[in-house]
C-alpha cells in the first residue's frame with residue numbers, strides 16, 4: 001500500500017460535482033463522467049469543457065468559478081486520455097479548481113497525489129484530493145469471519161458485462177421499495193458514483209479479500225450491500241481478483257451477469273465464453289467457503305447488441321434454465337430480480 | 001508497482017553469500033537463512049553473528065571482511081525481528097557490508113531501498129540491493145496464451161504445508177536424473193534460494209497471473225519448471241493469490257501438498273481443512289482453464305508431527321485413494337513422484 005498524504009486522508013469524495021471533460025473528443029473517454037451523471041444526477045451540477053471538446057453530457061456548461069458559485073464542492077476529472085495520462089492542461093485546470101475552492105477527484109490511472117503542483121495547490125487551499133484508482137492504506141488481510149448484514153455480489157461470465165450497472169440498479173430498486181441498500185464500489189467508475197470504495201484490482205494481492213470485507217462491513221439495519229463484482233472466475237488474467245472479492249464479500253445472494261452475443265473472453269480471442277450453468281456453479285461453489293448458505297437470485301443480461309424480440313426470448317430461455325428471474329437491467333429493469341431476492345430473504 | 005532504483009535493477013541476487021544472523025535468538029527468526037543454507041549449501045560460505053546471537057546454522061563464523069575475503073559476493077540479511085523490521089544495528093551492518101564490497105540481499109518486510117543510508121552506501125560503492133519481498137516493476141497482465149515448456153505447480157490444502165520444499169525437492173530429483181529443471185520462486189525464502197523470482201502475494205492483484213507467466217517463461221529444452229505454490233484455493237484470506245498463480249502457471253502437472261494432523265486452516269480456527277479429493281478436484285478444474293490437459297502426479301505430505309509408522313500408513317492410504325504416489329519429501333524423498341511425473345510426460 002502506498003502512503004497517502006493528508007490531502008487524501010478522507011477517502012471519500014465530496015459532492016456535488018462539476019464534471020471536467022477537458023478536451024475530450026470521443027464518447028469512450030468520458031465513460032466515467034457519464035456513469036456518474038447517469039447514476040447521481042442530483043450530484044452533478046454542470047460540466048466544464050475546453051474549447052476543443054466535442055462531446056457533452058448534456059449538463060450546463062460552467063466555468064470553474066461558475067461551478068463553485070453554483071454550489072459544487074468538487075471538480076471530478078472524469079475524462080481519460082489514451083493511457084489515462086493527465087496532460088499539462090488537465091493539471092493546470094485541476095490547480096485552477098483548487099485555487100477556486102473546489103476539492104479535486106480523479107478516476108485517472110495517473111494519480112493526483114503524484115503531481116507535486118496539484119498537491120501543493122491542495123495544501124495551500126486546505127482542500128482534498130481523491131484518487132478513485134488508489135486503494136487507501138491500512139487494508140488488512142481478510143479474516144473470513146461471518147459478519148452481520150446481507151450482501152449481494154454481482155458476478156460475471158467475463159469483464160464488462162454489466163456487473164456495476166446491475167448492482168446500482170438493484171440499489172435503486174431496493175431503495176424505491178423503502179429498503180436500506182448501499183452500492184459498494186470496487187472499480188473507479190463505481191467509486192466516483194458511490195463517493196467511496198476500494199479499486200480492488202489495484203490492491204496488493206494478499207489483501208483482496210480483506211478489501212472486500214472492508215467495503216461491506218457488518219450492518220444490522222436489515223439493509224443490503226450491493227457489491228460491484230469484478231472480472232470473472234473464467235478470465236485467465238483476472239480470476240484471482242474475482243475469487244478474492246467473492247470470498248471477502250461473503251455474499252448471501254449472487255446475480256450472474258452475461259452478454260449473450262459475446263463470442264470470446266474480453267481481449268482473449270482464444271478463450272471461449274464459459275457455459276452459464278458452469279459459471280454459476282463455480283461461483284456458488286467458491287462462495288460457499290465463506291457463506292455456505294449463498295443463493296443465486298437472478299441473471300442479468302446485457303442485450304444491447306440484440307433485437308428486442310431476441311432479447312426477450314433469450315431472457316425467457318435462460319431464466320427457465322435456471323428457474324430464476326432473468327432481465328436486462330438497462331432495457332427491462334431489475335424488478336423481478338428484486339422480487340425474488342426479497343422473497344428468498346424475508347425481512 | 002513501486003519504482004526501483006538502479007541499485008535493484010538486476011532483480012537477481014549474487015551468490016556466494018555471507019549469511020547475516022544479527023542478534024537472532026530464536027530458530028523461527030532465522031528460518032529464511034536456514035532454508036537458503038539447506039538448499040544452496042555451496043552458495044553459503046559462512047554466517048555473521050552479533051555477540052548476543054544465540055542461534056547458529058553450523059556454518060563458519062566470519063566477520064564481514066572475512067566473508068569478503070573468503071569469496072562471498074553478497075551478504076544476505078536472513079534473520080527477521082518481530083514485524084520483519086530492520087533495527088539500527090542491522091542497518092549499520094548492511095552499510096558495513098556494502099563498504100566492504102558486498103552486495104546486500106534482504107528477505108525482510110522492510111525494504112533496503114527504503115533506507116536512505118543503505119541506498120547511499122550501495123550507490124557510493126557501485127553495489128546492488130536486492131529486496132526479495134519487493135516485486136520488480138513492469139509486470140504485465142496475464143495473457144493466458146499457451147507457451148512452450150513443461151511446468152509443475154505445487155498446490156496445497158492450506159498455507160505452510162510444504163509447497164516450497166516439495167518444488168525444491170523435485171528440482172533436485174530431476175537434476176540428479178540429468179533432466180533440466182528449475183525451481184521458480186514465488187515467496188521470499190524461495191526467492192533467496194533461487195536468487196530470483198517474484199513475491200506473488202506482494203504483486204498488485206490485477207498482475208498475479210501475469211507475474212506467474214513471467215517467472216516461468218517458455219522453454220524448449222525438454223526441462224521442467226517447478227513452480228512454488230502459495231496459499232490454498234480453500235483459504236478465505238488468500239485463495240485469490242492461489243488462483244491467479246494457478247492460471248498464470250499453466251501447469252502440466254500438479255502435486256497436492258498437505259499436513260495430515262492439521263485441524264483447521266492456518267490462523268482460522270473456524271475453517272476446517274478441505275477434503276483432499278475436493279481440493280485436488282478444485283485445483284484441477286481451475287487449472288484446466290489455461291491448460292486443459294493438466295494432470296495430478298502426486299501427493300506430498302508433511303508428516304513431521306506424526307509417528308513413522310503412522311506416516312507410512314497415511315501415505316499408503318492417501319496414495320491408494322488417488323492412485324498416485326504419496327510421500328513426505330523430507331523423510332521419504334520424492335523419487336516415486338518423479339518416477340510418475342516422467343512416466344506421465346515422456347521426453
FRET efficiency for residue A:160 and residue B:12, using Cβ-Cβ distance with R0 set to 22 Å, rounded to 0.05: 0.05
Antiparallel content of DSSP bridges confined to the range B:150-344, in %, to 5: 5 percent
Spin-label zone in the range A:189-205 - amide nitrogen under 12 Å from a point set 7 Å from the Cα of residue A:140 along the C-beta vector: none
Cα gyration tensor shape of the range B:230-274, rounded if a/c is under 1.5, else prolate or oblate by comparing a/b with b/c: oblate
Gaussian network model of chain A, Cα within-10 Å springs - most flexible of A:47, A:110, A:89: A:89
On Cα atoms only, tilt of B:116-125 relative to the major axis of chain B in degrees: 80 degrees
Value of [θ]222 nm, deg cm²/dmol, for the protein assembly as shown, DSSP H segments ≥ 4, -39500 (n - 2.57) each, nearest 500: -10000 deg cm²/dmol
Cα gyration tensor category, rounded, prolate or oblate, for the protein assembly as shown with a/c compared to 1.5: oblate
Chain A: most fluctuating residue of A:104, A:76, A:55 per GNM, C-alpha cutoff 10 Å: A:55
Three-way shape label, chain B, alpha-carbon gyration tensor, a/c 1.5: prolate
Pseudo-label separations to other copies for residue A:147 - Cα-to-Cβ vector, 7 Å, nm: 3.7
Antiparallel bridges, percent of DSSP beta bridges restricted to chain A (to nearest 5): 5 percent
Cα-projected label distance for residue B:123 with residue A:124, points at 7 Å along beta-carbon direction, nm: 2.9 nm
Whole-Å distance, taken between Cα centres, linking the range B:256-333 and the range B:166-239: 19 Å
Over the range A:150-344, relative contact order from alpha-carbon pairs under 8 Å, at least 6 apart, %: 26 percent
Helix axis angle, A:276-287 relative to chain A longest principal axis, alpha carbon, degrees: 80 degrees
Cα-projected label distance for residue A:70 with residue B:109, points at 7 Å along beta-carbon direction, nm: 4.8 nm
For residue A:335, inter-copy label distances in nm, listed shortest first [label point 7 Å out on the Cα-Cβ vector]: 7.4
Separation in nanometres of the label points that stand 7 Å from Cα toward Cβ, at residue B:219 and residue A:293: 5.0 nm
Counting DSSP beta bridges with both ends in the protein assembly as shown, the antiparallel % (nearest 5): 5 percent
Computed over chain B: relative contact order in percent, which uses C-alpha pairs under 8 Å that are six or more apart: 15 percent
Length-normalised contact order for the range B:7-125 - Cα pairs under 8 Å, 6+ apart - percent: 29 percent
Inter-copy spacing of residue A:261 label points, which lie 7 Å from Cα along Cα→Cβ, given in nm from shortest upward: 6.2
Cα-based helix-to-principal-axis angle, A:88-99 vs chain A, degrees rounded to 10: 80 degrees
Among B:148, B:129, B:245, residue whose mean-square fluctuation peaks in a GNM of chain B (springs only between Cα atoms under 10 Å): B:148
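Computed from the coordinates by the stated procedures, all read-outs in this text should not be read as laboratory data. Predicted model only: the values in this text are computed from it and were never measured. Glycine gets a Cβ as well: all are built from the backbone with ideal geometry, and neighbour counts include every protein chain shown.
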